[in-house]
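The values are calculated or read from the model by the stated rules, or taken from the named source; none is laboratory data. No experiment lies behind these values; they were computed from the predicted model shown. Cβ: placed from backbone, ideal geometry, glycine included. Neighbour counts: every protein chain shown.
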Amino acid sequence: MARERTFVPYLVVAIFALALAAITGVLLRFGMLYGMPTWAQNFAAVRHAHSHLMYFGWVTLALMALIWCALPRYTGRPLPPAVPWQMTLTALMALLSYPAFWQNGYGLTTIGSAHLPLGAMVSTFNGLTWFFFVGLYVKATWRMPVRPLPVQLWDWAIMLMLLASLGAVGLVGMVFTHAENPFLQQMFLHQFLDLFAVGWFNLALLGVLWSQASETAPLPRWLPTMSLALLLAPTFVLGMSPAVVPEYIFWLVALANVGAAALLAVHLVQIGRLPRRGPLIAWLAFAALAVVIGAAFALLIPGLWREYATGHLRIFYLHDLLLGWISTMLIVLIEARYALASVRWRPVIHTLWAAGVSGMLAALLSMGAPALLPIPMLLSLQIAAWCSVLVATAAILLLIAAASRLRR
Ligand code: HEM
C-alpha cells in the first residue's frame, strides 16, 4: 500500500497533463470553426504541444507509474532506489514539452540572439529520461528465472519504445544538420510518434491490464507477446505520407498490420472471457480497440490507404486508438488501482467522458468518411468541438479527484 501511495503524485501530474492537453484540444477544435485566437496563432505548433503533452505527460508517465507499482509483485524485490528520481525527471521534462512546442513546434524559436530548436531539444531530454527508466527496469527485472506474461509484454513494449526513440534521434539529427529529405523526415517522424503509440502504449497497457486481471483470475495459458511486437514494429510506415511510400512496401506493411490486428484480437477475446469486466466505460475502450482491429483489415481494400491516409480519417483513427482505446483503458486501470473519484462523482465523470469521446469520434468519422456517417461538415465540426468540451470537463474532474486523493 505504501508503494502504491508513492506513485499517486506522478499520476496527479499525468492527469494534469491529460486535462491541459485536452483543453488545448478544445482550443484546436474551436480554432477550426472560428479561427485561432491571437495568442495561439500557429495551429501546427499548438497541435504539437497538444500531442506531445498527451504522449509524454499523460500516457507515458501514467504507464510508467502503473508498471513500477506492479513490478515488485513479479520480481519479489523492492524497486531500485533511483525510481522516484527517474519519475520526477520524466514528469518535469514532459511538462516542459508543452511550452517548448507551443510557439514553433519542431522549428526554430528565437530567444535573445539565439535560434533554438526547442521542440527537438525537449524531445531529446524526454528521451534521456526514458532511457533512465529502461536502465532501471532492466536492473529491476535482471535474471528473473521466469518472466510472467505482464513482464514479457512490458519487455517488448520497452523494445519498441527504444526503436521509436531512434526516430526521435533521426529527427533531431535532421534539425541540427539542416537536412531536407522528405522521405527521411516522414520516416523518422512516424517511427517516433506512431511506433511510440502503437508499440509502447499498446503493449505496456496490455501488460498492466493482464497484471491487474491476474489478481482475481488465472491468466490464459498463451497470449501473443513477441509475435505481436514484431508485427507491430513496421506498421508506423502506414502513418507516413503515401506520396513517399512505394506500393510494394505498403503491401508488406499492410499484411504485417493485419497479422498484428489478429493477435490484438486474441487479447481482446481473452479479455472478454474475464469474470470481472470493469466499469461500463471499459466497453467503450474495447469497442475502440475493435475499430482499430477492423481498420487493419479495411486497409487491404486497394487504394483506400492512398486516398484517406492523410485526411480527416487519419485523425479519426488516431483518436480512436489514443483517446478511445488507450486513454479510456488507462483511466479504468488507474481507477481500479487507486479509486480516485468518490462513488458519487465517478458516474458523472464516466458519463461525460463516454458521451464526449463517442460523440467526438462519430463526428471525426463523419468528416473522414461521409458515406459511412452522413452529417453535414459544419455540423460535424460543431459536434466534435462541443463533445471535446465534455472530455476536457471529465479530465478536469478526474484531476480534482486525484488531487484530493493526494491530500487524503
Ligand atoms: C479531449 C480530447 C482531444 C481533443 C479535443 C483532441 C483534439 C485534437 C485536434 C483538434 C487535433 C488536430 C486535428 C487536425 O489537424 O485535423 C489533434 C491532433 C492530434 N492529437 Fe488529439 N485530441 C484529443 C485527445 C488526444 C489524445 C488522448 C491523444 C494521445 C494520447 C491525442 C493525440 C493527437 C495526435 C498524435 C494528433 C496529431 C498531431 C499531428 O499530426 O501533429 N489527442 N487532436
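Which is within 24 Å of the chain's Cα centre (by Cα), surrounded by 17 or more Cβ atoms within 10 Å (Cβ to Cβ), under 17 Å from L20 (Cβ atoms) and at pLDDT below 95, of A402, A394? Break it down into steps so the answer makes sense when it comes.
Working: A394 fails: at pLDDT below 95.
None of the others qualify; the one that does is A402.
Would you say S366 is closer than 28 Å to Y10 by Cβ and either at pLDDT 95 or above or in contact with a Gly (Cβ under 7 Å, 6 or more places away or on another chain) (or both)? Walk me through it before giving the result.
On the way: closer than 28 Å to Y10 by Cβ: no; either at pLDDT 95 or above or in contact with a Gly (Cβ under 7 Å, 6 or more places away or on another chain) (or both): yes.
Taking the combined requirement at face value, the residue does not satisfy it.
V175 is checked against (1) more than 26 Å from H50 (Cα to Cα); (2) at pLDDT below 95 and fails just one. What number does that condition carry?
It fails just one condition, (1).
Could you say which residue among S113, S123 is among the small types (G, A, S) and either within 12 Å of the ligand (Cβ to nearest atom) or surrounded by fewer than 19 Cβ atoms within 10 Å (Cβ to Cβ) (or both)?
On the way: S123 fails: either within 12 Å of the ligand (Cβ to nearest atom) or surrounded by fewer than 19 Cβ atoms within 10 Å (Cβ to Cβ) (or both).
Checking each option against the conditions leaves just S113.
For A395, are the conditions met, namely being within 13 Å of the ligand (Cβ to nearest atom) and within 21 Å of V12 (Cα to Cα)? Spell out the reasoning first.
Working: within 13 Å of the ligand (Cβ to nearest atom): yes; within 21 Å of V12 (Cα to Cα): yes.
The answer is yes for A395.
Considering the stretch 194-242 alone, what residues qualify as being without any contact (Cβ under 8 Å) to a residue 40 or more places away in the chain and part of a helix (DSSP H, G or I)?
Applying the first criterion (without any contact (Cβ under 8 Å) to a residue 40 or more places away in the chain) to the stretch 194-242 yields 215, 218, 221-222, 227, 230-231, 234.
Result: S227, L230, L231, P234.
Can you spot a residue in the stretch 337-358 that is surrounded by 22 or more Cβ atoms within 10 Å (Cβ to Cβ) and hydroxyl-bearing (S, T, Y)?
Checking the stretch 337-358: not a single residue is surrounded by 22 or more Cβ atoms within 10 Å (Cβ to Cβ) and hydroxyl-bearing (S, T, Y).
Can you name every one of the helices (runs of 4 or more DSSP H) wholly within the stretch 309-408 that holds 2 or more residues which are in the same structural domain as A290 (by TED's automatic domain parsing), out of contact with any Lys or Arg (no Cβ under 8 Å at 6 or more places or on another chain) and of a type in the set (S, T, Y)?
346-368, 377-407
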